1. Give, as a single signed number, the net charge of other residues whose beta carbon lies under 13 Å from the beta carbon of PHE97, with Lys and Arg counted +1 and Asp and Glu -1.
2. Out of the total accessible area of segment 77-116 (probe 1.4 Å, heavy atoms of protein only), what percent is carbon and sulfur?
3. Order of 101-112, 59-70 by packing, highest average Cβ count within 10 Å first?
Amino acid sequence: VQTCALPIWLGCAREHCWQDDYVCSGGLLLNAALGAQRVIVDARPLLAETASLPGGTCHAYDLAAAVLILEEAGGSVHSVSGGPFDQPLDATSPVGFLAFANPGTAERALPAILESLDPWSRPRSRNS
């Protein structure tokens, strides 16, 4: 993937967008379980819905095993609202998530992430 749509959606500079080299959301969670990544934010469903932009998302079945592995390794996975990761296990529901390698990182990072996502968690008018 050569381009990143997130800076366009958020209106931020390209250098602030980390390009995901993985095509598998479960693989990202496994990196957190291994300690290679501390925080993973996949807010694609929230951003796509709020900004009325198309976007591919993962599904709960993509993450089921990786969530278990990360939690067994001491990490955690949350919904994009910060609540428990409780998603329908079907083939159609888009899934976003926040994942943390350990409780300390979650405790420190979660408030800042939720604050950053707050403007996107409210419906936007077509003119805004």
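The values are calculated or read from the model by the stated rules, or taken from the named source; none is laboratory data. Source: prediction; values computed, not measured. A quick note on method: Cβ atoms are made from the backbone with ideal geometry, for glycine too, and the neighbour counts reach across all protein chains shown. The accessibility values were calculated without ligands, DNA or RNA, using every heavy atom of the protein model including side chains. Shrake-Rupley method; radii C 1.70, N 1.55, O 1.52, S 1.80 Å.
1. -3
2. 58 percent
3. Highest to lowest by the protection proxy: 59-70, 101-112.
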